[in-house]
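Laboratory data are not the source of any read-out in this text; all were calculated from the coordinates shown. As the structure is a prediction and not an experimental result, all values here were calculated from the model. Note that we place each Cβ from the backbone using ideal geometry, even for glycine, and neighbour counts take in every protein chain shown.
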Amino acid sequence: MTVLLWAAGTLAIAGEVSLGVAANFTDTTRDLIKRFEADTGHRVSASFGSTGKLYAQIRNGAPFDVFMAADARRPELIERDGAGVRGSRFTYARGRLALWSPTKDAFSSGEVYLEEQSFARLAMANPKTAPYGLAARQVLEHLGLWQPLQTKLVRGDSIAQAFQFVVSRNAQAGFVAMSQVIAWEAALTPEERGTLWQIPQRLYQPIDQQVILLAHGADNDAARSWMAFLQSEAAMAIIRDYGYDIGQTTAE
């Protein structure tokens, strides 16, 4: 059914769809848009930001057709409050958290690096607005380092800003999305790449990223076509290439 719905979009009159997308999914979304527009003729506009801020914008009437969050909680709240189309919510990706430094051989063990605190600043996203920031806090709490590291933490409004803190070397390392590292280092040689610790899943709660069709896009054929496209093999292949897991696709 998903394939049929997506394919049907290629036969319909081209439309437009507006997305509100979690910042960690920026590069992935841009590649998805290229494929979707080429296959369907529909046009896509996307606004990127922290899940918490996008959620607030939607609650205040932002005219998005689709909300692609970095958690499951906000889409569930939107569905419950009637701002989203009931039954349209599903998990489109499971994110991976990483500790990353653009400096080669910055550490041999990420856990030891954090414990030794041999850095001036450590970047992370705001746990209150960004699910990846919440995951970073969970890691530090699990390691008993949340309070000891308070004076060294620099918080970005979104995971995109946290990543920029590290790239610009305003922080020596940071908690980022694995997808960001993959996108950044894709064109670099092994000698140019930084140091990465793929944080074990046991240290933080799963980052199940859910999407929901918003009430604003309920009658938008292009928006419904985008929702179907996200569940296609073509889209899932792109999502996997950016380091995401593809798990259960239907919301409970």
Test each condition in (1) crowded, with 19+ Cβ neighbours inside 10 Å; (2) without any contact (Cβ under 8 Å) to a residue 60 or more places away in the chain; (3) not acidic (Asp, Glu) for SER101 and report the one that comes out false. (2)
For the range 70-104, which residues satisfy the criterion of being of a type in the set (Gly, Ala, Ser), assigned to a loop (DSSP other than H, G, I, E, B) and within 24 Å of PRO200 (Cβ to Cβ)? ALA70, ALA72
With the checklist (1) assigned to a strand (DSSP E or B); (2) under 14 Å from the mean Cα position of the chain (by Cα) in hand, flag the one item GLY133 doesn't pass. (1)
Among (1) within 21 Å of the chain's Cα centre (by Cα); (2) surrounded by fewer than 17 Cβ atoms within 10 Å (Cβ to Cβ); (3) over 30 Å from THR189 (Cα atoms), where does VAL154 come up short? (3)
Note: among ALA183, ALA173, ALA130, ALA187, just one is of a type outside the set (D, E, K, R), crowded, with 22+ Cβ neighbours inside 10 Å and closer than 21 Å to TYR244 by Cβ, namely ALA130
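Take the residues in the range 105-121 that are part of a loop (DSSP other than H, G, I, E, B) and touching a residue at least 40 places away in the same chain (Cβ under 8 Å), then tell me which one is nearest to SER168 (Cα to Cα).
ARG121
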